[in-house]
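Okay, so here's the structure we're looking at.
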Amino acid sequence: MPGTEHLPETDHGAEAGLRGRLVAVGVELVAREGVQALTLREIARRAGVSHGAPRRHFPTHLELLSAIARRGFADLAERTALALGDQEAGPREQLAALARTYLEFALDNRGMYELMFRHDLLESGRLGLRDTSLPLFAAFTELVAAVRPDADARAVAGALWANLHGIAQLWSWGSLQLATGSEDFTPLLDSVLRAHLGPAGDL
């Protein structure tokens, strides 16, 4: 149709702005109200657009959720880069710093953390989501391999990650504080690292 082949430059900017606004609204919404609040209709309402507007940028609900989760993985990646910035630290110390950063992120960003690892809700192969999520596990694996060269690094890293996830979930519910009588997860983290890596004195 005449007049529709080339949108004015301002329209392109508005469309890009709308996409970013939808994601930003989703990030704020999941932080305040959790994953259950992330409906297309609610995100559109808070962004001030019609409920059908998000589909111009995100044809499915899963794609919008994936774009929101990607922000969380980008944030976590920045934090882990800082945690691993000490080039003089040994692999075990780096792994401990990475594990602590992971737990702190999980506890500070409960809604986003839940979304990030709900692969039943995400399109992990789209929007570059795997490009932001898999490097974190790769970092765990590489450090485990340096600490325990005799072990299956991927299996140990997977078990370590599962333990950290369990601590994060149970701590966020208050269960571990009740069970251990402590308000500090550090002893638990130290125990998990010893269980998977052996005593620190072995290095």
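A short reminder: the numbers here are calculations on the coordinates, not readings from a lab. None of the values given here were measured: they were computed from a predicted structure. Methodologically, a virtual Cβ is constructed for each residue, glycine included, from the backbone with ideal geometry; neighbour enumeration extends over all protein chains shown.
For the reader, a short list of remarks on this structure follows.
- For His57 and Asp131, the difference between the fully extended length at 0.36 nm per residue and the C-alpha to C-alpha distance is 24.6 nm.
- Three-way shape label, the stretch 121-192, alpha-carbon gyration tensor, a/c 1.5: oblate
- Under a Gaussian network description of the chain, with springs only between Cα atoms under 10 Å, the residue in Gly158, Gly72, Gly52 that fluctuates furthest is Gly52.
- Model label points for Leu107 and Asp150, set 7 angstrom from Cα along the Cα-to-Cβ axis, are 3.4 nm apart.
- The helix-based estimate of mean residue ellipticity at 222 nm for the chain, built from -39,500 (n - 2.57) per DSSP H run of four or more residues and divided by its residue count, is -22500 deg cm²/dmol to the nearest 500.
- More than 18 Å apart - percent of Cα-Cα pairs taken over the stretch 68-203: 56 percent
- Sorted fewest first by neighbouring Cβ atoms within 10 angstrom, Glu183, Glu33 come out as Glu183, Glu33.
- Difference of contour (0.36 nm per residue) and Cα-Cα distance, Asp184 to Ser172: 3.1 nm
- Take the Cβ atoms of Glu78 and Arg41, set R0 to 35 Å, and the FRET efficiency comes out at 0.65.
- Look at the alpha carbon pairs under 8 Å that are at least 6 residues apart: their mean separation over the length of the chain gives a relative contact order of 20 percent.
- Model label sites at Ala200 and Asp86, defined 7 Å from Cα along the beta-carbon direction, differ in position by 1.0 nm.
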